[in-house]
Structures are given as C-alpha cells and as structure tokens.
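One structure is given here, and the rest of the page talks about it.
The values are calculated or read from the model by the stated rules, or taken from the named source; none is laboratory data. Remember, it's a predicted structure, so these values are computed and weren't measured experimentally. Counting neighbours? That spans all protein chains shown, and the Cβs are built from the backbone with ideal geometry, glycine included.
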There are 2 protein chains.
Amino acid sequence: MVIYGRNVVREAIKARLHIKRAYILDSSNLSREMKQTENELRHLRVPVEKMKEEKLKNITHSKDHQGIAAKINDYKYADTFKTLDRLEHPPFVVILDQVQDPHNVGAIIRSAYGAGVDLLILPKRGGCLVTPAVLKTSAGYAFRLSISVETNLARVIEELKKRGIWVYAATMKGKPYYDIDMTGPIAFIFGNEGKGVRRLVMEKSDGFVSIPMAKKMDSLNVSVSVAVILFRAMEMRNNANS
Amino acid sequence: MVIYGRNVVREAIKARLHIKRAYILDSSNLSREMKQTENELRHLRVPVEKMKEEKLKNITHSKDHQGIAAKINDYKYADTFKTLDRLEHPPFVVILDQVQDPHNVGAIIRSAYGAGVDLLILPKRGGCLVTPAVLKTSAGYAFRLSISVETNLARVIEELKKRGIWVYAATMKGKPYYDIDMTGPIAFIFGNEGKGVRRLVMEKSDGFVSIPMAKKMDSLNVSVSVAVILFRAMEMRNNANS
C-alpha cells in the first residue's frame, strides 16, 4: 500500500518496515526535516522518485500527503491471542465495533498508544481497517501499537472472558467510567459513530460503561469518548502499581 | 452566515435564532427527520428554497451540508466578564490560544459543553473563530455554550487571576492533570496544534498542566487533550459538590 504524510513515513523508517519506493514532491524549497527524511531513505537504498503535486495526489488518492509518500507491504496485523499471551501484566484491550471514519480510528490508535493499551481489535467487516488515511491520522503510531483483525467479535469476547478479562461495552446508559475498577484485565468496546455497539456484541459483555455529562446532550465523538475512558483507566492502573 | 448540517439547523431552531432563509436538497427521498425539520421551518414562516446538490454545495462552500443549510445572523459571542459575573458557582473556563483547525475547535466546543464548562474564550486573531465548519463539527452545541472573543489574551488572563481564577496552561512538561485540584475557580489554556501555547500567554499563567503518557510520544491531538482534562475536572468538581 502507499502511505503518506511526514510523520507516517518517518515512523515507517523507525519501525524498520521494508520501504519499496518513496515519492517526494519535486520542489526547490523542501524543509530541512524533509531533506533529512529523503537522505535517510536514500541511505536505506530506497528508490526515491521526485514528482509534481498532481502526480503525488494521484498516487496517494489524497490531498493530505504533505509532500511525501512511500510504498510498503500491507499493514501487518497482530495475532489477538499471541499478543495477549506475551503480556506480563493484566491486559488492557480496546475493541472497535464497526467504527467507520478513518479519522476516528486514527485518533483512537494514537490515544490508545499513549494510554498504554496492549491491543486494539478491529472487526474484519463493517468497520474501517488500517488504511493509509488511518495511518496518517494516527501519525504513524499504528506501526507501534498491536492491532488485530477478527471475523467474529462475539466469539473473541467469549474467549477474552474465559481468560479472565472483564469486557465493558460503552453505551449511553452504563456505569460511570470513573466508578469502575479499571486496574485489572479489562477490555472496552466502542461502537459505530451512528449506531453504537451492536446488540449481539453488547449481549456478550460483562457490563456497560458510560461517560456522564454535565448537561443533557447526545454522545460525544467516539474518539473523544475513547480517550476520556482510556486515560482515566491509565491513571487508575498507574495508581494501583505504585 | 450560512450554516449547514442537520444537527446544526435543528439546534438553530431550538435556540430560537432568527433564520432568514433555509436551503434544502431537492430530492424525492428526504428522510423523515429532514421532512420534520422542513415542516418546522415552514411553521416558523422561514422561506424554504429547494435546490440541487451542486447549488447547495456552492452556497455552503462545503460537501458536508447533509442536504440542509440556513441563513442566520452572524454567531453571537458572549461577553467574557458579564458571563463570569452571572455564575453562581466557581467558574470553569477554557481558553484556546490560536487553535486553527475548525474540526478541533468544533470538537472542543462539544466536549466543553458536555463537561459543564461555563465559558470558552477565543483570541480575535490567529485562531479559528465560530465559523459554519466549526458549528457543523460542534453539532450545533456552539449555540448552547457561552463563547467570547478577546483581542488581548494576556490581559484577560491577568483579569481572570484578579478574580481568583487559577489559570493553567497545557504544555508537554506540566503537572499531571489528575494531581491538580480542579474543584475551584479554574481556567485551562490550550495552544495551537503545532506550536502550543505562546510564550507570552504561558508567562501569565499560574501553572502548567500536562497529560502523562504510558509511552514516549508526541502530544495528543488538541481536542483529545482538552476532553481528557475537562472530563477529569468535571469528575473532581462533581465529587467536591456531593
């Protein structure tokens, strides 16, 4: 796939991904930072192709390329249970049930990484996977976070529960997140922007979590809700360990 | 100005704003919800103009119109100190120091409303004001939140401090937000997406606040940072009152 954006390409280099080819804007005033990235790419013997704005837009299918793109192998997903088996602390997992908007998924990846989430699980169908647009919004942090894809979320939740992980679905009518003990093995499910968590997935959960509001309003944006809950969980987990 | 989006137009009706004219997509399969909004508009004697996609896009300068737009007077900003004078509880204020992206400002308005913020202060120059794009992302909550505009943020901060409000600037190296007593009169300053809070504004602050991360990373998206801090503040403020 062709990834784009300054941070994404730099993260791909840091993650030592195999970069097959790089595309850089043909411009006489590249930033110092961009020249440095170009030098690094050449040092790694990556063929670098200079091109006009229009061609770069065509190759990336985006206006957000920031003057640089790179061809890499498709995003490498993690294995759900191998990832969990490797952990030496209580798992901290996030499941997205058909979140659609690449900007939301990218922002969630960034927050999840920052909050110390061990694994993000995406459904194979009905939601956004790790696309170049998601990588762009995640500022490349998708390369550092373990992200797995599963065909049957309900079955995965069953298995997580068997392993002693408490699974909470985020809904409008759940227990306030700050009243939940989030220090142990835990997984949070966040649903689609319009429809929320699917009933089938909801029914498999151990409980429901919500964010109380000061004033009556519709739900927050999903990426905002995720951040509020994950960082509160991180705080609790840090306190429990200190 | 011409606002657009289903929620925004509905919120404008709820807020009893004077709607001069409405523009609705000329389509045979409008949703039930859209027909209801159209009926409400006609009931309020608003002239409704049906038009093709292309024309609606031209009028709104956006592809995100969702089939509906309305012409209203420019957004009515609040007065900073009159708003504070009216409060019967310790003020909870947010200041944005030149946040640029309308999506960020819109998302911040939504979170601020949900977390019970009393007043959002925007600088007159160098940042995004309440534009139709901001209204769209805020899902119309900008009509419910008091938002003021100030020419000189440094002077406003001085005045807030005189009134006993503790002013914290969000930076990468501040006190962890959860270790700050956020129950009293408080204001948080969040800076520009790239540059953060300006030095001049920073110097006026009483202290610095930051969000500790589980792993080394650049800062979170500003709208995410705002939500994490505001909802933690809301939790503390609720506990202090109960």
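Of the residues that sit in the stretch A:224-237 and are free of Cβ contacts under 8 Å to residues at least 60 places away in the same chain and at the interface with chain B (Cβ under 8 Å from one of its Cβ atoms), which one is nearest to B:LEU230 (Cα to Cα)?
Ranking the candidates gives A:VAL228 first.
If a residue has to be part of a loop (DSSP other than H, G, I, E, B) and either closer than 18 Å to A:LEU153 by Cβ or not assigned by TED's automatic domain parsing to the domain that holds A:VAL156 (or both) to count, how many in the stretch A:77-94 make the cut?
Adding up the residues that qualify gives 3.
Could you run through the stretch A:63-76 and say how many residues are assigned to a loop (DSSP other than H, G, I, E, B) and surrounded by fewer than 18 Cβ atoms within 10 Å (Cβ to Cβ)?
Going through the stretch A:63-76 one residue at a time, the tally reaches 5.
Only one residue in A:ARG86, A:ARG110 is surrounded by 15 or more Cβ atoms within 10 Å (Cβ to Cβ), modelled with pLDDT of 95 or more, among the basic types (Lys, Arg) and closer than 27 Å to B:MET213 by Cα, so which one is that?
A:ARG110
Does A:HIS43 satisfy being outside the structural domain of A:THR131 (by TED's automatic domain parsing) and touching a residue at least 12 places away in the same chain (Cβ under 8 Å)?
No.
Run A:GLU159 past the list (1) within 14 Å of chain B (Cβ to nearest Cβ); (2) out of contact with any strand residue (DSSP E or B) (no Cβ under 9 Å at 6 or more places or on another chain) and report the number of the one that doesn't hold.
Of the numbered conditions (1) within 14 Å of chain B (Cβ to nearest Cβ); (2) out of contact with any strand residue (DSSP E or B) (no Cβ under 9 Å at 6 or more places or on another chain), the odd one out for A:GLU159 is (1).
Exactly one condition in (1) more than 30 Å from B:ALA139 (Cα to Cα); (2) among the aliphatic types (A, V, I, L, M); (3) touching a helix residue (DSSP H, G or I) at 6+ places or on another chain (Cβ under 8 Å) is false for A:VAL149; which is it?
(3)
Consider B:ARG144 carefully, then state whether it is charged (D, E, K, R) and away from every other protein chain (no Cβ under 14 Å).
no
Considering only the stretch B:162-172, I want to know if a residue exists there that is over 16 Å from B:THR83 (Cα atoms) and within 14 Å of another protein chain (Cβ to nearest Cβ).
Taking every residue of the stretch B:162-172 in turn, at least one turns out to be over 16 Å from B:THR83 (Cα atoms) and within 14 Å of another protein chain (Cβ to nearest Cβ).
Which of the residues spanning the stretch B:147-165 are under 21 Å from the mean Cα position of the chain (by Cα) and either farther than 30 Å from A:ASN239 by Cα or among the aromatic types (Phe, Trp, Tyr) (or both)?
B:ILE147, B:SER148, B:VAL149, B:GLU150, B:THR151, B:ASN152, B:LEU153, B:ALA154, B:VAL156, B:ILE157, B:LEU160
Starting from the stretch B:206-223, keep only residues that are within 13 Å of A:ARG110 (Cβ to Cβ) and facing chain A (nearest Cβ under 7 Å), then list their pairs with residues that are assigned to a strand (DSSP E or B) and among the aromatic types (Phe, Trp, Tyr) whose Cβ atoms are within a distance under 7 Å, requiring at least 6 positions of separation or different chains.
Matching pairs, first to second residue: none at all.
Exactly one of these conditions fails for A:GLY116: (1) part of a helix (DSSP H, G or I); (2) within 11 Å of chain B (Cβ to nearest Cβ); (3) more than 9 Å from the chain's Cα centre (by Cα). Give me its number.
(1)
Test A:PHE92 against the criterion of being within 23 Å of B:MET213 (Cα to Cα), modelled with pLDDT of 95 or more and out of contact with any Leu (no Cβ under 7 Å at 6 or more places or on another chain), and give yes or no.
yes
Just to be sure I understand, how many residues within the stretch B:22-55 are surrounded by 15 or more Cβ atoms within 10 Å (Cβ to Cβ) and within 18 Å of B:GLY140 (Cβ to Cβ)?
Adding up the residues that qualify gives 9.
Would you check which residues across the stretch A:89-108 are more than 11 Å from chain B (Cβ to nearest Cβ) and closer than 18 Å to A:ASP74 by Cβ and list them?
Of everything in the stretch A:89-108, those that are more than 11 Å from chain B (Cβ to nearest Cβ) and closer than 18 Å to A:ASP74 by Cβ turn out to be A:PRO102, A:VAL105.
Looking for whichever is under 18 Å from B:ALA139 (Cα atoms) and touching a residue at least 40 places away in the same chain (Cβ under 8 Å) here; the options are B:ILE13, B:ILE68. Which one fits?
Exactly one residue qualifies, and that residue is B:ILE68.
So, in the stretch B:126-151, of the ones that are modelled with pLDDT of 95 or more and of a type in the set (S, T, N, Q), which residue ends up farthest from B:LEU56 (Cα to Cα)?
B:THR151
Taking helices (runs of 4 or more DSSP H) that fall entirely within the stretch B:1-62, which contain at least 3 residues that are of a type in the set (A, V, I, L, M, F, W, C)?
Because the criterion is at least 3 residues that are of a type in the set (A, V, I, L, M, F, W, C), the helices (runs of 4 or more DSSP H) in the stretch B:1-62 that meet it are B:6-14.
How about the stretch A:129-242: which strands (runs of 3 or more DSSP E) wholly inside it have at least 3 residues that are buried (at least 20 other Cβ atoms within 10 Å of the Cβ)?
A:166-176, A:186-191
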